[in-house]
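The values are calculated or read from the model by the stated rules, or taken from the named source; none is laboratory data. All values reported here derive from a predicted model rather than from experimental measurement. Here Cβ is always computed from backbone atoms with ideal geometry, including for glycine, and neighbour counts include all displayed protein chains. Note: accessible area is taken over every heavy atom of the protein model, side chains too, but ligands, DNA and RNA are not part of it. Shrake-Rupley method; radii C 1.70, N 1.55, O 1.52, S 1.80 Å.
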Amino acid sequence: MPRSESPSIGAIKAVLLDMDGTIVNSDAVVERCWRRWAEEHGLDADEALKVVHGRQGWATMAVLLPDRPMELNHEDNRRMLEAETADMDGVVPVPGAPAFMSALAGLPHALVTSADRPLAEARMAAAGLPMPAVRVTAESVGASKPDPEGFLKAAAELGFAPHECVVFEDSGAGITAGRAAGMRVVGVGPRAAAHAPDALVPDLTGVRVEAAPDGGLVLHLDADDAGDGDDGADDDGDR
């Protein structure tokens, strides 16, 4: 049967993109590095992996080891970022991401990631994706997702009000941050499903970008893929 007509998320001015789990699949390296860290600290790695995604590393460590001095978390986070940046094995684009990023070229969009700049550049290159001209990385903010600072900074740099922007995210922390910023959120993948984004797609293959006459854009989501975000999943998201 033919697909029904694609629903539109409406006219917007800009798209704000999370990286890991949203346009880049880095699950393999994230799991390798965080399993090693969890085991070194006597934590159940499977339980730790439920909360490692979406935040900056030091913030995740603070959740997992709440009584630990924060300076130790920052030291471990520096080592974690170095290890992740050196390990690109298995880093690939999320399905549909190359075409999606190509469609966004020349239209207002930004990357908003909890990775630092070297890690973001390495993973985007490994996935074969173009780095947006506007990017907000870990060095750019004082607070990690779920704080909305990163999304608000990206919107301001692009020159748009929060309500004119749409966030693409896979994580609970990221969806919370986008919502707190006053933006609509498209959840990407199964991890997003438990966090009630405004729309949910399994990947980016069903997302179509249409340039608007006013310089903004319209997003269309395949009717067979779009939906709300409540299907019972319980994981968090990526950087």
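Looking for something in a helix (DSSP H, G or I), modelled with pLDDT under 95 and under 20 Å from Ile175 (Cβ atoms) - is there at least one such residue anywhere in the stretch 127-138? Don't jump to the end; show me each part of the working.
From the stretch 127-138, those in a helix (DSSP H, G or I) are 138; that's our starting set.
Checking which are modelled with pLDDT under 95 leaves us with 138.
Within this subset, residues satisfying the condition of being under 20 Å from Ile175 (Cβ atoms) are 138.
Yes, the stretch 127-138 has at least one match.
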Filter pass, Met124 being outside any helix (DSSP H, G or I) and out of contact with any Gly (no Cβ under 7 Å at 6 or more places or on another chain): no
Meets criteria (touching a residue at least 24 places away in the same chain (Cβ under 8 Å), touching a Ser or Thr at 6+ places or on another chain (Cβ under 7 Å) and open to solvent by less than 20 Å² (accessible area, probe 1.4 Å)) for Val94: yes
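Out of Pro148, Pro213, Pro197, report the one residue that is closer than 17 Å to Gly54 by Cα and open to solvent by 10 Å² or more (accessible area, probe 1.4 Å).
Details: Pro213 fails: closer than 17 Å to Gly54 by Cα; Pro197 fails: open to solvent by 10 Å² or more (accessible area, probe 1.4 Å).
One residue alone meets the criteria, Pro148.
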Exclusive hit being within 26 Å of Glu157 (Cα to Cα) and in a strand (DSSP E or B), set Ala110, Ala103: Ala110
Output for the stretch 37-65, where each listed residue is touching a residue at least 24 places away in the same chain (Cβ under 8 Å), assigned to a helix (DSSP H, G or I) and closer than 15 Å to Ala83 by Cα: Trp37, Ala38, Gly57, Trp58
Flag for Ala194 being outside any strand (DSSP E or B) and either under 20 Å from Ser140 (Cβ atoms) or free of Cβ contacts under 8 Å to residues at least 24 places away in the same chain (or both): no
Members of the stretch 73-91 that are open to solvent by 40 Å² or more (accessible area, probe 1.4 Å) and β-branched (Val, Ile, Thr): Thr85
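Listed residues Ala115, Ala105, Ala99; which is open to solvent by less than 40 Å² (accessible area, probe 1.4 Å) and among the aliphatic types (A, V, I, L, M)?
Details: Ala105 fails: open to solvent by less than 40 Å² (accessible area, probe 1.4 Å); Ala99 fails: open to solvent by less than 40 Å² (accessible area, probe 1.4 Å).
After applying the criteria, what remains is Ala115.
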Contacts under 7 angstrom Cβ, first residue in the stretch 8-21 being more than 23 Å from Ser114 (Cα to Cα) and assigned to a strand (DSSP E or B), partner among the charged types (D, E, K, R) and open to solvent by 20 Å² or more (accessible area, probe 1.4 Å), 6 or more apart: Ile9/Arg184; Ile12/Glu164
Scan of the stretch 51-70 for residues that are open to solvent by 50 Å² or more (accessible area, probe 1.4 Å) and within 21 Å of Leu119 (Cα to Cα), ordered by number: Trp58
